[in-house]
Amino acid sequence: MDPAPSTPAPADVPTARESFRLGVRAGVPYAVVGCVLALSFGVLARDAGFSALGALVMSAIVFAGSAQFTVVSILAGGGGMGAAIGAAALMNSRFLPMGAALAPSLSGRALQRAAQGQTVVDASWAMANRGEGRFDRHFLFGASAVQYVTWLGGTAFGAFGGQALGDPKLLGLDVIFPAFFLVLLLGELRDARSRGVALAGAAIALALVPIAPPGVPVLVASAAALVGLRQPAGDDPRRGGVT
Amino acid sequence: MSTELWLVIAGCAAVTAIIKAAGPVALGGRELPPRAAGVIGLMAPALLAALIVTQALADGSRLHVGADTAGVAVAGLVAWRGGSVLPAVALAVVVTAGLRALG
C-alpha cells in the first residue's frame, strides 16, 4: 500500500520461522488499514447486489483490494461482467513484474511456486525485498498472512453486520475507496509521464461517462498507459504499488 | 445472489491467480521486455485516475458533483500536504457524511 515502506534488515540471516514472525509484525499496520478497507468493501458489495457470503468468498479467493473494489464499483454503476473482470485483470497486471522479480527467491516445482506467488500483495512484496533481486519469502508469507486474516475479518464484519450500521451513503462509507485511491495515486505521480498518464486516464474516463456503457470508461482509460510503449520506463515499474 | 455475480467472482479469482502465478512459474526471474514493463508501470496511474473521477465526479452515466466529490478532494489535499493514509481517508468520510447530513 505504501509505495516505499521501510525495509527491516536483520544483522544475520534469520531462520524461516523468525522471518515469518518478523513479516507478521511488519504487516500489522497494513493489516489494520486493510481491515477498514475490507469493511467498506463488504458494505459496498452488499449494495451492489452481492450476498454476504459472496462478498466474503470474493475476499477469500481474490484477496486484491483494488481489483475487488474496481469490480464492485463497475457492477454498482450498471456495468457488465466482461468490463468488471477486464478492469480487475488490468488493475492486477502489476503483479506480473512483481512476480517475475520474486521468482528466483522461490523454491520447489511449478505448482509450489505458483502457490507461493499467490501471497504477493503490494506492501508485503515491497517489505520483503532485500535488494539486488533477492526476496525473503518467509517474511513475505508472514506479512501477507496477517493482512489476509484482517482482510477476511473486515469483509465479514461489513458484509454481515453492515446493515446494522445504517445507510452506507449517509455514513460516507462510499468515499473510503476513492479517497484511498487518490492517496495511492498521489504516491504514483513521480514524474511528468505518470502525471500525464493520470490526467489522460481521468479525461478519457470523464469524456466517456455520458456516452459509453458503465464500466467501459475505466477500461478504455487504461489505454493511456500505452504511452509506456514509446520508450523504456525511466524508473523501476515494479516500484509502484496499489493494494 | 445471481449466478452472474458468482461468475464474476470466479472469473476475477481466476485471472488474479493466473497473473500472480505467471511470474514465478513462467518468467523464472527473467525481466519483462522493457516496453511491456513500461506499459504495466503506467497502468496504476491510468486506472486509479479513471476510477477516482468516475466515482467522485459522476453518478451513473451523468457527470455529477456532490458531497463525495468534496470528501475525496479533502483526502487528496491531506495526502498532498504530507498526511498519511488513515487521517486522509477518515477526514474524507467525515466531510462527506457531514455535508450529506446538512444537505
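Taking the criterion of being more than 9 Å from every other protein chain (Cβ to nearest Cβ), assigned to a helix (DSSP H, G or I), surrounded by 19 or more Cβ atoms within 10 Å (Cβ to Cβ) and out of contact with any strand residue (DSSP E or B) (no Cβ under 8 Å at 6 or more places or on another chain), would at least one residue in the stretch A:64-72 satisfy it? Yes.
Looking for something buried (at least 24 other Cβ atoms within 10 Å of the Cβ) and farther than 21 Å from A:A60 by Cα - is there at least one such residue anywhere in the stretch A:128-138? Checked against the condition, which is being buried (at least 24 other Cβ atoms within 10 Å of the Cβ) and farther than 21 Å from A:A60 by Cα, the stretch A:128-138 yields at least one hit.
Being free of Cβ contacts under 8 Å to residues at least 24 places away in the same chain and either more than 18 Å from B:A73 (Cα to Cα) or among the aromatic types (F, W, Y) (or both) is a condition met by no residue of the stretch A:171-184.
Residue by residue, here is whether (1) touching a Ser or Thr at 6+ places or on another chain (Cβ under 9 Å); (2) at the interface with another protein chain (Cβ under 8 Å from one of its Cβ atoms) holds:
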residue: A:R25; (1), (2): no, no
residue: A:L75; (1), (2): no, yes
residue: A:M91; (1), (2): yes, yes
residue: A:A103; (1), (2): no, yes
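Only one entry in A:A45, A:A88, A:A55 is in contact with a Cys (Cβ under 8 Å, 6 or more places away or on another chain), buried (at least 23 other Cβ atoms within 10 Å of the Cβ) and part of a helix (DSSP H, G or I), namely A:A88.
Quick test for you: out of A:A115, A:A126, A:A159, pick the one residue that is assigned to a helix (DSSP H, G or I), free of Cβ contacts under 8 Å to residues at least 60 places away in the same chain and among the hydrophobic types (A, V, I, L, M, F, W, C). When all the criteria are applied, what remains is A:A115. For the stretch A:185-220, the tally of residues that are touching a helix residue (DSSP H, G or I) at 6+ places or on another chain (Cβ under 7 Å), in a helix (DSSP H, G or I), over 19 Å from B:G38 (Cα atoms) and more than 8 Å from chain B (Cβ to nearest Cβ) stands at 2.
Across the stretch A:77-89, the qualifying residues are those that are in contact (Cβ under 8 Å) with a residue 40 or more places away in the chain and of a type in the set (A, V, I, L, M, F, W, C), and the one among them that is nearest to the other protein chains (Cβ to nearest Cβ) is A:A84.
Checking B:P24, B:P33 one by one, the residue that is modelled with pLDDT of 90 or more and of a type outside the set (G, A, S) is B:P24 and no other. For A:A145, state whether it is free of Cβ contacts under 8 Å to residues at least 60 places away in the same chain and more than 7 Å from chain B (Cβ to nearest Cβ). No: the conditions fail for A:A145.
The values are calculated or read from the model by the stated rules, or taken from the named source; none is laboratory data. Every value quoted in this text rests on a predicted model; they were computed, and no experiment measured them. Every residue, glycine among them, receives a Cβ derived from its backbone with ideal geometry; neighbour counts consider all protein chains shown.
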